[in-house]
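Working notes, structure below.
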Amino acid sequence: MSAAQARHGGDELRRDEPLARHTSWRVGGPADVYFRPATRQSLLAFLAGLDPALPVHWLGLGSNLLVRDGGLRGVVIATSRALGTLQRLPGRVVAGAGLACTVLARRCARWGLGPAEFFAGIPGTVGGALRMNAGAFGGETWDRVIEVETVDRRGRVRRRPRDDFGIGYREVRGAEGEWFLAAHFDFVDQPEGGLERVRSLLREREQKQPLGLASCGSVFRNPPGDHAARLIESCGLKGLRIGGAEVSTKHANFIINTGGATAADIERLIETVRERVAAETGVQLVPEVHIVGEPGGAA
């Protein structure tokens, strides 16, 4: 590819693509190469042709992700188009890794299947939810997983049962060197009213969380028997700002980009919150957000 951007068969391939365009915090430096495949087949072919030494990063909706200002070396693969599929098959629902979790919740509700409503509270894709066992409203992603489809660096696809993975709170272990392509869920028939339940949960999110503002969702995991937001608020940290980054005054476990924030601002604010909570409560908060990339000014 000689130009900064190229298209072939619906695929998009760009060099030096600013990741601030693709993350929910609206920050992040450039990716050396940004690839948005149009189909699963073109994704597999692209992986098979990559230099094995080239780093690969996967991108869904860009939530739960902080890309540093220096950007990412290697290739970023955006999954929402090629892997945004959803099928209802006998005995299971198959969701592509690029599918938005809110879409999964709504579609299953229309089909009269569940429990899937809690996915409405996860601001990301199925792939990201699988990676970290994301949860909301009392449900967790791996609760109903039968098996998953994965791909490795050479474009080889595997189907792995749930038992191949160690599942914990916001943690999934197993299948090193592979990435999720799809999940097979064991949802069951449930009484009518699922769609209204989804709408109710979305209204609840809107009331409690700073939706519509640039954030990543929850920044920290909830510690055992407590809530990160309660601890942060108890330390008087709501409204604390560093540069353009601010601890939300609506929900203390959210950090928002008020406009003009850098990734460095957000990362410093995360560390400041951790230090203050540890000093005042003795609790070490663990980030839920993934921080990747090079510091600002990196080549």
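If you go through segment 36-63 and keep only what is outside any loop (DSSP other than H, G, I, E, B), more than 29 Å from residue 255 (Cβ to Cβ) and either of a type in the set (Phe, Trp, Tyr) or modelled with pLDDT under 95 (or both), you end up with just 46. Of the candidates 115, 30, the single residue that is buried (at least 17 other Cβ atoms within 10 Å of the Cβ), over 28 Å from residue 171 (Cβ atoms) and either touching a residue at least 60 places away in the same chain (Cβ under 8 Å) or of a type outside the set (A, V, I, L, M) (or both) is 30.
How about segment 88-98: which of its residues are farther than 16 Å from residue 142 by Cα, modelled with pLDDT of 95 or more and either of a type in the set (Gly, Ala, Ser) or outside any strand (DSSP E or B) (or both)? Within segment 88-98, just 98 meets the criteria. Is at least one residue of segment 233-251 more than 22 Å from residue 28 (Cα to Cα) and assigned to a helix (DSSP H, G or I)? The answer is yes; a qualifying residue exists.
Among the residues making up segment 175-188, those that are within 18 Å of residue 290 (Cβ to Cβ) and at pLDDT 95 or above are 178, 179, 180.
Scanning segment 151-166 for residues that are surrounded by fewer than 15 Cβ atoms within 10 Å (Cβ to Cβ) and modelled with pLDDT under 95 yields one hit, 154.
Checked against the criterion of being in contact with a Pro (Cβ under 9 Å, 6 or more places away or on another chain), small (Gly, Ala, Ser) and under 23 Å from residue 132 (Cα atoms), segment 163-184 contains not a single residue that satisfies it.
One residue alone among 229, 279, 252, 261 is of a type in the set (Gly, Ala, Ser) and closer than 28 Å to residue 74 by Cα, and that residue is 261. Considering (1) exposed (fewer than 13 other Cβ atoms within 10 Å of the Cβ); (2) at pLDDT below 95; (3) of a type outside the set (Ser, Thr, Tyr), the lone condition that residue 282 does not fulfil carries the number (2).
Filtering segment 162-191 to residues that are part of a strand (DSSP E or B) and of a type in the set (D, E, K, R) leaves 171, 173, 178, 189.
Check residue 229 against each of (1) at pLDDT 95 or above; (2) aliphatic (A, V, I, L, M); (3) not in a helix (DSSP H, G or I) and name the one condition it does not meet. Checking residue 229 against (1) at pLDDT 95 or above; (2) aliphatic (A, V, I, L, M); (3) not in a helix (DSSP H, G or I), the one that fails is (3). Condition test on residue 172, is it under 19 Å from residue 120 (Cβ atoms) and of a type in the set (Val, Ile, Thr)? Criteria not met by residue 172.
Here segment 183-209 is the region considered, the condition is being within 30 Å of residue 254 (Cβ to Cβ) and among the aliphatic types (A, V, I, L, M), and the residue that is surrounded by the most Cβ atoms within 10 Å (Cβ to Cβ) is 183. Out of 107, 154, 160, one residue alone is within 24 Å of residue 43 (Cα to Cα) and free of Cβ contacts under 8 Å to residues at least 24 places away in the same chain. It is 160. Would you confirm whether or not segment 121-138 contains a residue that is crowded, with 17+ Cβ neighbours inside 10 Å, basic (Lys, Arg) and either assigned by TED's automatic domain parsing to the domain that holds residue 44 or farther than 28 Å from residue 13 by Cα (or both)? Checked segment 121-138: no residue is crowded, with 17+ Cβ neighbours inside 10 Å, basic (Lys, Arg) and either assigned by TED's automatic domain parsing to the domain that holds residue 44 or farther than 28 Å from residue 13 by Cα (or both).
Looking at residue 282, is it without any contact (Cβ under 8 Å) to a residue 12 or more places away in the chain, more than 30 Å from residue 110 (Cα to Cα), out of contact with any Gly (no Cβ under 6 Å at 6 or more places or on another chain) and not assigned by TED's automatic domain parsing to the domain that holds residue 60? So residue 282 passes the test.
The values are calculated or read from the model by the stated rules, or taken from the named source; none is laboratory data. A quick note: this is a predicted structure, and the numbers were derived from the prediction, not measured. Methodologically, a virtual Cβ is constructed for each residue, glycine included, from the backbone with ideal geometry; neighbour enumeration extends over all protein chains shown.
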